[in-house]
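A.B. asks: Please find one structure pasted underneath; my questions will follow.
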Amino acid sequence: MWIFDLTISFTTLLFLIFTTALLLLLKVFKKNHKLRPPPSPFTLPIIGHLHLLGPLIHQSFHRLSTLYGPLIQLKIGYIPCVVASTPELAKEFLKTHELAFSSRKHSAAIKLLTYDVSFAFSPYGPYWKFIKKTCTFELLGTRNMNHFLPIRTNEIRRFLQVMLEKAKASEGVNVTEELIKLTNNVISQMMFSTRSSGTEGEAEEMRTLVREVTQIFGEFNVSDFIKLCKNIDIGGFKKRSEDIQKRYDALLEKIISERESERARRGKNRETLGEEGGKDFLDMMLDTMEDGKCEVEITRDHIKALVLDFLTAATDTTAIAVEWTLAELISNPEVFDKAREEIDKVVGKHRLVTELDTPNLPYIHAIIKESFRLHPPIPLLIRKSVQDCTVGGYHISANTILFVNIWAIGRNPKYWESPMKFWPERFLESNGPGPVGSMDIKGHHYELLPFGSGRRGCPGMALAMQELPVVLAAMIQCFNWKPVTLDGEELDMSERPGLTAPRAHDLVCVPSARINSFDNF
């Protein structure tokens, strides 16, 4: 009997050992399966995949994605990265796993120029939430947006007057520079209640700094990615960053000091722009800093960093968007003519188009969407993971940099019919194939994300979409545009490196006017 019991016990023991071993093997297999990374090109020691990247990073990523798939893993120096190039993956990263990818990586230039307290690059937390709320409901709230409507209107008229003078003289005008002046003057008055910070010298310096900041933020600095080069200033990158920061800090310190003196004279509770006007951003932030009872600490450096965030975001991206759109219209005259027909029908020929007219100009909005598709103001959405997660069946580790290539998504023939053709009709509900006609730009449709998506979507979208349609419509309504090119060549549509991927060369045109004066127009 005891032999039988022993046999049963031994059999049971073997069964338990076999079962345990099987479960361990399954667990290991499952774990290894989860740890499977996205496909990746061959990696070189130290530099990783740096040798595969050119100056236009989004285009390099696009080429690699066509070879290795819509989700690829790269190692830029010692930093792990993933690149997503489809709407489905964009949705999974930016919506399903939004909190896991709620952070952003700081480069050496970003840390220096933003005092390491930038709203745009800060982690998702109390400070970021407070500034987002302040921007959404105060600076860019309905009251302030309505208050600054006359200012936007006056700045557009100033811009058009410059174009009219050039047209009368049959002279070329640098449209790129004039658009930057326009957008910078609008945001400067919202920030400081002055046109580009005051004197023409200061205004020019501010515009120059804005362009230099967006350019250096978008440039690739080897020292950020290769540890061996961390303390080496390759190509003078650090020196350039320090020079920009020094000039920017001096200019902002002057503006803030002058405002503090003015506040001391008038009393801090009196609104800058009149009793019934809206407050500018600088007064809002100084009130918060001086109050000392805010839910987060606001220092002088925070104010300087926030001013930089909004100046760069509201100046360069909007100006570049108008410039790319006009360049496409010049290259596609049939689209230009159709847009003008719509404006003449809705607005007429005896008054200037206004912001109140733009909701009734669907073709203008279709043109803007089509331009955003081909030329997104920021071609790469960049995030950093704060925890491990699984996306598309692949394991993504914490501290991985995510690049969502919205430039590549907008040119993918799987999602867009004739993707390289500038065809605004695709966004008209009567003509758009499938759901494209009703597609919006608010971050709900991941085929088109010019302002990002989710919590970290661009807070300035409302302002941009107030400015952009009316500026573009006014340029179409009032002028014909002949580009100045070499030997009658086609307009160059190439890009140059930068955070905002602007055109490689400034757009210079000779405008011809459809009107003689704006006095009664």
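A.B. asks: Does LEU311 satisfy the criteria of being of a type outside the set (Lys, Arg) and surrounded by 21 or more Cβ atoms within 10 Å (Cβ to Cβ)?
C.D. replies: Values: of a type outside the set (Lys, Arg): yes; surrounded by 21 or more Cβ atoms within 10 Å (Cβ to Cβ): yes.
Criteria met by LEU311.
A.B. asks: Enumerate the pairs (first residue in the stretch 426-443 and surrounded by fewer than 14 Cβ atoms within 10 Å (Cβ to Cβ) and in a loop (DSSP other than H, G, I, E, B); second residue anywhere and modelled with pLDDT of 90 or more and not β-branched (Val, Ile, Thr)) with beta-carbon separation below 6 Å, excluding pairs fewer than 6 apart on the same chain, so at least 6 apart or on different chains.
C.D. replies: Between residues of the stretch 426-443 that are surrounded by fewer than 14 Cβ atoms within 10 Å (Cβ to Cβ) and in a loop (DSSP other than H, G, I, E, B) and residues that are modelled with pLDDT of 90 or more and not β-branched (Val, Ile, Thr), the close pairs are ASN431/GLU425; PRO433/GLU417.
A.B. asks: Among the numbered conditions (1) assigned to a helix (DSSP H, G or I); (2) modelled with pLDDT of 90 or more, tell me where LEU352 comes up short.
C.D. replies: (1)
A.B. asks: Let me ask something additional. Please go through the stretch 323-337 and give me each residue that is crowded, with 16+ Cβ neighbours inside 10 Å and not β-branched (Val, Ile, Thr), ordered by number.
C.D. replies: Within the stretch 323-337, GLU323, TRP324, LEU326, ALA327, GLU328, LEU329, ASN332, PHE336 meet the criteria.
A.B. asks: For ILE244, all conditions in the list (1) within 22 Å of the chain's Cα centre (by Cα); (2) under 30 Å from TYR78 (Cβ atoms); (3) buried (at least 20 other Cβ atoms within 10 Å of the Cβ) hold save one; what is the number of the exception?
C.D. replies: With (1) within 22 Å of the chain's Cα centre (by Cα); (2) under 30 Å from TYR78 (Cβ atoms); (3) buried (at least 20 other Cβ atoms within 10 Å of the Cβ) applied to ILE244, the lone miss is (3).
A.B. asks: Could you give every pair whose Cβ atoms fall below 6 Å, whose first residue belongs to the stretch 119-140 and is closer than 18 Å to ALA464 by Cα and in the same structural domain as MET284 (by TED's automatic domain parsing), and whose second residue is at pLDDT 85 or above and among the charged types (D, E, K, R), counting only separations of at least 6 or pairs across chains?
C.D. replies: ALA120/ASP309
A.B. asks: Which residue pairs have Cβ atoms closer than 7 Å, lie 6 or more positions apart in sequence or on different chains, and pair a first residue in the stretch 371-385 that is surrounded by fewer than 22 Cβ atoms within 10 Å (Cβ to Cβ) and part of a helix (DSSP H, G or I) with a second residue that is at pLDDT below 95 and polar (S, T, N, Q)?
C.D. replies: The qualifying pairs do not exist here.
A.B. asks: Do we find a residue being part of a helix (DSSP H, G or I), assigned by TED's automatic domain parsing to the domain that holds GLU177 and touching a Cys at 6+ places or on another chain (Cβ under 7 Å) anywhere in the stretch 271-289?
C.D. replies: So far as the stretch 271-289 goes, yes, one or more of its residues are part of a helix (DSSP H, G or I), assigned by TED's automatic domain parsing to the domain that holds GLU177 and touching a Cys at 6+ places or on another chain (Cβ under 7 Å).
A.B. asks: Which of the following residues is modelled with pLDDT under 95, farther than 30 Å from ALA250 by Cα, of a type in the set (A, V, I, L, M, F, W, C) and in contact with a helix residue (DSSP H, G or I) (Cβ under 9 Å, 6 or more places away or on another chain): ILE131, ILE72, ILE76, ILE110? It would help to see each step written out before you state the result.
C.D. replies: Working: ILE131 fails: farther than 30 Å from ALA250 by Cα; ILE72 fails: modelled with pLDDT under 95; ILE110 fails: farther than 30 Å from ALA250 by Cα.
Result of the check over ILE131, ILE72, ILE76, ILE110: ILE76.
A.B. asks: Moving on to the next point. May I ask you to verify whether ARG265 is free of Cβ contacts under 8 Å to residues at least 12 places away in the same chain, surrounded by fewer than 21 Cβ atoms within 10 Å (Cβ to Cβ) and part of a helix (DSSP H, G or I)? Quick ask: steps written out before the conclusion?
C.D. replies: Working: free of Cβ contacts under 8 Å to residues at least 12 places away in the same chain: yes; surrounded by fewer than 21 Cβ atoms within 10 Å (Cβ to Cβ): yes; part of a helix (DSSP H, G or I): yes.
Spelling it out, ARG265 is indeed free of Cβ contacts under 8 Å to residues at least 12 places away in the same chain, surrounded by fewer than 21 Cβ atoms within 10 Å (Cβ to Cβ) and part of a helix (DSSP H, G or I).
A.B. asks: Tally time: how many residues in the stretch 463-502 are outside any loop (DSSP other than H, G, I, E, B) and either surrounded by 16 or more Cβ atoms within 10 Å (Cβ to Cβ) or not assigned by TED's automatic domain parsing to the domain that holds SER170 (or both)? Steps first, answer last, please.
C.D. replies: First, the residues of the stretch 463-502 that are outside any loop (DSSP other than H, G, I, E, B): 463-483, 486-488, 495.
Narrowing further to those that are either surrounded by 16 or more Cβ atoms within 10 Å (Cβ to Cβ) or not assigned by TED's automatic domain parsing to the domain that holds SER170 (or both): 463-481, 483, 495.
Adding up the residues that qualify gives 21.
A.B. asks: Do we find a residue being under 30 Å from THR43 (Cα atoms), at pLDDT below 85 and touching a Leu at 6+ places or on another chain (Cβ under 6 Å) anywhere in the stretch 215-225? So that I can check it myself, show each step before the final result.
C.D. replies: Step one: of the stretch 215-225, the residues under 30 Å from THR43 (Cα atoms) are 215-225.
Right, trim to at pLDDT below 85 and you get 215, 217-225.
Among the residues that remain, those that are also touching a Leu at 6+ places or on another chain (Cβ under 6 Å) are: 217-218.
Checked the stretch 215-225: at least one residue is under 30 Å from THR43 (Cα atoms), at pLDDT below 85 and touching a Leu at 6+ places or on another chain (Cβ under 6 Å).
A.B. asks: Sticking with this structure for a sec: Which numbered condition in (1) within 21 Å of VAL353 (Cα to Cα); (2) hydroxyl-bearing (Ser, Thr, Tyr); (3) outside any helix (DSSP H, G or I) is the only one that THR183 fails?
C.D. replies: THR183 satisfies all of (1) within 21 Å of VAL353 (Cα to Cα); (2) hydroxyl-bearing (Ser, Thr, Tyr); (3) outside any helix (DSSP H, G or I) except (3).
A.B. asks: I need the full set of residues from the stretch 389-415 which are more than 17 Å from the chain's Cα centre (by Cα), of a type in the set (A, V, I, L, M, F, W, C) and farther than 16 Å from ILE76 by Cα, in order please.
C.D. replies: Selection gives CYS389, VAL391.
A.B. asks: Could you check, for the stretch 398-420, whether at least one of its residues is part of a loop (DSSP other than H, G, I, E, B), charged (D, E, K, R) and more than 19 Å from SER85 (Cα to Cα)? Let's see the steps before the verdict.
C.D. replies: At the first step, the residues of the stretch 398-420 found to be part of a loop (DSSP other than H, G, I, E, B) are 398-400, 410-420.
Checking which are charged (D, E, K, R) leaves us with 411, 414, 417.
This time we only want the ones that are more than 19 Å from SER85 (Cα to Cα), so: none.
Scanning the stretch 398-420 turns up no residue that is part of a loop (DSSP other than H, G, I, E, B), charged (D, E, K, R) and more than 19 Å from SER85 (Cα to Cα).
A.B. asks: Give the residues of the stretch 280-317 that are polar (S, T, N, Q) and either at pLDDT below 85 or within 20 Å of GLY460 (Cβ to Cβ) (or both), sorted by residue number.
C.D. replies: THR288, THR312, THR315, THR317
The values are calculated or read from the model by the stated rules, or taken from the named source; none is laboratory data. Fair warning: this is a prediction, and the values are worked out from it, not measured in the lab. Cβ coordinates were reconstructed from backbone atoms using ideal geometry, including for glycine residues, and neighbour counts include every protein chain displayed.
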